[in-house]
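J.: The structure that follows is given in the form of structure tokens.
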Amino acid sequence: MKRRDFIEKTAASTAILGLGLSLSSFTAEDVKQITILHTNDVHSHIDPFPSDDPRNPNMGGVARRAALIETIRHDAENVLLLDAGDIFQGTPYFNYYGGELEFKLMSMMKYDLSTIGNHDFDNGIPGLYAQMPHAKFDFISANYDFKNTLMDGLVKPYKIFVKNGVKIGVFGLGVKLDGLVDKKMYEETVYNDPVEVSQDMVRILKHEQKCDLVICLSHLGYEYKNDKDMICDLKLATLTQDIDLIIGGHTHTFLDKPTVVKNLIGNEVLVNQVGCYGINLGRIDFFFDTNKNKVSSGKSIIV
């Protein structure tokens with residue numbers, strides 16, 4: 001689908017009618033639209049894939065992503081741009097610049113927020129710390145405790161945004177590092193249980209801060225069919241409540257649209273992930289009426 005076609009098809013009126021809602025209860029005048037754009041596991045892929053690549057010819061690339069984001073921002077006023085981690089590692093750009101280029105380009109694209117993936121520790125805590133001044137956006141992780149490392153104070157558990165009167169709370173989660181990352185790379189970083197941490201974040205964001213939309217920015221992985229004990233995004237959705245959207249990473253899962261999961265009390269949660277290497281950009285639109293009732297429409301866009 002062409003970019004302009006996608007943008008037009010996800011305009012408020014089209015999405016509302018497509019979801020079967022009557023305009024008497026959800027009219028154009030009282031709709032507030034929040035657009036969430038997201039990436040994950042870009043892995044230092046700055047350039048598009050070459051034309052002779054057997055799997056992804058001419059796909060991806062920072063320049064194309066930036067142009068697409070700018071086009072969407074021109075069409076939709078209330079946009080958040082998020083990344084679900086593993087920004088580092090995968091091309092010689094990381095080997096040479098150590099993450100500086102990735103953070104500078106994300107800052108130029110005006111990312112609002114990112115969580116931290118396991119490969120973001122590949123140059124160790126000192127390597128990640130050294131690149132932080134190049135990021136003009138915040139990092140969040142509620143279940144990584146960095147208090148005995150150089151990263152102490154540089155990573156927040158959550159961040160709250162207000163867009164057109166809609167309050168949006170976003171918290172971050174990271175995958176278990178033990179057995180996945182060399183201990184010397186993450187040092188004294190403490191991993192805390194993501195389910196327990198999520199419930200604490202929901203209590204703060206939904207019930208204390210009264211957020212209208214709660215988003216989990218996760219690097220836990222979409223699903224683990226061979227390891228039922230590992231917490232993944234699908235399992236997290238079923239074991240918690242009051243999370244509206246889980247944006248995931250780590251497993252490089254390509255979804256054409258968000259998966260809908262029933263949470264602990266039977267309400268719907270959207271779970272989305274857009275593969276890897278900057279090939280796709282995720283877009284999810286939420287539409288709020290005057291009573292803050294909401295509906296959503298989501299899709300992955302090829303860059």
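J.: Spot the failing condition for D233; the list is (1) surrounded by fewer than 19 Cβ atoms within 10 Å (Cβ to Cβ); (2) farther than 22 Å from R73 by Cα, and only one is missed.
T.: Evaluating D233 over (1) surrounded by fewer than 19 Cβ atoms within 10 Å (Cβ to Cβ); (2) farther than 22 Å from R73 by Cα leaves (1) as the failure.
J.: More than 21 Å from the chain's Cα centre (by Cα) and either free of Cβ contacts under 8 Å to residues at least 40 places away in the same chain or over 24 Å from E77 (Cα atoms) (or both): is that true of G153 in this structure?
T.: Taking the combined requirement at face value, the residue satisfies it.
J.: Could you tell me whether E100 is surrounded by fewer than 23 Cβ atoms within 10 Å (Cβ to Cβ) and modelled with pLDDT under 95?
T.: Details: surrounded by fewer than 23 Cβ atoms within 10 Å (Cβ to Cβ): yes; modelled with pLDDT under 95: no.
It is false that E100 is surrounded by fewer than 23 Cβ atoms within 10 Å (Cβ to Cβ) and modelled with pLDDT under 95.
J.: Tell me the residue from L281, L264 that is more than 23 Å from I34 (Cα to Cα), aliphatic (A, V, I, L, M) and either surrounded by 22 or more Cβ atoms within 10 Å (Cβ to Cβ) or more than 13 Å from the chain's Cα centre (by Cα) (or both), please.
T.: Criteria check complete, one pass: L264.
J.: Shifting gears a bit: I'm checking my understanding of the structure. Among residues of the stretch 173-185 that are touching a residue at least 60 places away in the same chain (Cβ under 8 Å) and in contact with a Ser or Thr (Cβ under 8 Å, 6 or more places away or on another chain), which one is farthest from F121 (Cα to Cα)? Explain how you work it out, then say what you get.
T.: Initial filter on the stretch 173-185 (touching a residue at least 60 places away in the same chain (Cβ under 8 Å)): 173-175, 180-181, 184-185.
Restricting the remaining residues to those that are in contact with a Ser or Thr (Cβ under 8 Å, 6 or more places away or on another chain) gives 173-174.
Values: L173: 15, G174: 12 Å.
The qualifying residue farthest from F121 (Cα to Cα) is L173.
J.: Where in the stretch 55-144 are there helices (runs of 4 or more DSSP H), lying wholly inside it, with at least 1 residues that are closer than 30 Å to V162 by Cα and in contact (Cβ under 8 Å) with a residue 60 or more places away in the chain?
T.: On the way: elements: 62-75, 92-97, 100-108, 124-131.
Filter on the stretch 55-144 gives 62-75, 100-108.
J.: Inspect all residues belonging to the stretch 183-191 and state whether any of them is within 22 Å of D83 (Cβ to Cβ), polar (S, T, N, Q) and within 16 Å of the chain's Cα centre (by Cα).
T.: no
J.: Determine, yes or no, whether N78 is within 22 Å of the chain's Cα centre (by Cα) and either modelled with pLDDT of 80 or more or of a type in the set (S, T, N, Q) (or both).
T.: In short, yes.
J.: Please identify the pairs in which a residue from the stretch 228-246 that is closer than 16 Å to Q273 by Cα and modelled with pLDDT under 95 has its Cβ atom under 7 Å from the Cβ atom of a residue that is surrounded by fewer than 17 Cβ atoms within 10 Å (Cβ to Cβ) and among the aromatic types (F, W, Y), counting only partners at least 6 apart or on another chain.
T.: Pairs found: none.
J.: OK, next. Please indicate, with yes or no, whether at least one residue in the stretch 282-296 is of a type in the set (V, I, T), farther than 26 Å from K176 by Cα, in contact with a strand residue (DSSP E or B) (Cβ under 8 Å, 6 or more places away or on another chain) and touching a residue at least 60 places away in the same chain (Cβ under 8 Å).
T.: Yes, the stretch 282-296 contains at least one residue that is of a type in the set (V, I, T), farther than 26 Å from K176 by Cα, in contact with a strand residue (DSSP E or B) (Cβ under 8 Å, 6 or more places away or on another chain) and touching a residue at least 60 places away in the same chain (Cβ under 8 Å).
J.: Just to check your reading of the model, which residue among V170, V197, V162 is in a strand (DSSP E or B) and farther than 16 Å from I247 by Cα?
T.: V162
J.: Residue under question is P258, and the condition is that it be surrounded by 20 or more Cβ atoms within 10 Å (Cβ to Cβ), over 29 Å from E70 (Cα atoms) and touching a Lys or Arg at 6+ places or on another chain (Cβ under 9 Å); does it hold?
T.: Answer is no for this residue.
The values are calculated or read from the model by the stated rules, or taken from the named source; none is laboratory data. It should be emphasised that the depicted structure is a prediction, and the values quoted were computed from it without experimental measurement. Positions of Cβ are backbone-derived with ideal geometry, glycine not excepted, and every protein chain shown enters the neighbour counts.
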